[in-house]
1. Mind checking which residues of segment 102-116 are outside any loop (DSSP other than H, G, I, E, B) and either within 15 Å of I72 (Cβ to Cβ) or among the small types (G, A, S) (or both)?
2. Run down L91, L29, L65 and say which single residue is open to solvent by less than 70 Å² (accessible area, probe 1.4 Å), of a type in the set (A, V, I, L, M, F, W, C) and modelled with pLDDT under 95.
3. Kindly check whether there is at least one residue in segment 39-57 that is open to solvent by 30 Å² or more (accessible area, probe 1.4 Å), within 18 Å of F151 (Cβ to Cβ) and either not small (G, A, S) or not in a helix (DSSP H, G or I) (or both).
4. Between a first residue in segment 145-159 that is within 18 Å of V3 (Cα to Cα) and a second residue that is among the aliphatic types (A, V, I, L, M) and not in a helix (DSSP H, G or I), which pairs have beta carbons less than 8 Å apart while being 6 or more apart in sequence or on different chains?
5. List the number of the failed condition for G75; all other conditions in (1) modelled with pLDDT of 95 or more; (2) among the small types (G, A, S); (3) crowded, with 16+ Cβ neighbours inside 10 Å hold.
6. Limited to segment 5-25, what total is found for residues that are surrounded by fewer than 21 Cβ atoms within 10 Å (Cβ to Cβ) and within 19 Å of T99 (Cβ to Cβ)?
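The values are calculated or read from the model by the stated rules, or taken from the named source; none is laboratory data. Please read all numbers here as calculations on a predicted model, not as lab measurements. Because the Cβ atoms are built from the backbone with ideal geometry, glycine has one as well, and the counts that use them run over all protein chains shown. Side chains are part of the model used for accessible areas, which takes the heavy atoms of the whole protein and leaves out ligands, DNA and RNA. Shrake-Rupley method; radii C 1.70, N 1.55, O 1.52, S 1.80 Å.
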Amino acid sequence: MPVTIGVTVGACLVASYFDVRSRRIPNWLTGSLAVGALALHGFAGLRAAALSLAVMAALTLLGTLIYSRGGIGGGDVKLAIAASGMLSYPLCLPFLLYTMLGGGLLAVGFILARGNFGRSLSRATAMAAGAPHSFTNDKANSLPYAVAFAFGAVVLTLSQSVAPFLRILS
């Protein structure tokens with residue numbers, strides 16, 4: 001297993017701890033992960049560092065768009081950028097797909113635990129249709145999405161080691 005996967009799993013687990021406790025992901029964590037990604041890939045050569053930087057730039061654009069629409073928090077965007085930069089291309093693609101799967105499972109779990117399926121469904125439908133929406137900054141009702149990132153990192157680890165049948169992209 002590459003060291004980049006191990007570092008990403010560790011960072012996502014630490015981020016999950018903070019996100020579950022306070023619904024915040026520390027900047028020191030995401031910043032360290034991003035700088036570490038560039039440093040680690042820099043040792044592999046200019047091409048590897050440039051590829052990692054390109055992944056982070058692409059995720060910055062995409063993440064900013066999703067954040068501006070209220071779809072994800074700023075700390076989650078920074079974690080996605082840093083973790084994807086650490087994994088670089090092509091490992092960042094299955095990581096992000098596994099993370100989305102984990103986020104969906106997390107959302108369903110929260111909806112079922114809170115018993116507000118109808119309200120959540122109508123809100124998601126309106127958001128998907130592009131209707132204007134306003135989100136309250138209610139941390140108690142927000143998802144600790146770093147848990148989904150940890151899920152994505154762990155499933156990626158399994159797919160690259162003991163469970164190759166989990167690989168979704170070659």
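1. G102, G103, G104, L106, A107, G109, F110, A113
2. The unique qualifying residue is L91.
3. no
4. L156/L91; T157/M1; S159/I168
5. (1)
6. 12
Yes or no, residue by residue, for (1) more than 15 Å from the chain's Cα centre (by Cα); (2) free of Cβ contacts under 8 Å to residues at least 24 places away in the same chain; (3) closer than 29 Å to A163 by Cβ:
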| position | (1), (2), (3) |
| --- | --- |
| L13 | no, no, yes |
| L38 | yes, no, no |
| A50 | yes, yes, no |
| F110 | yes, no, yes |
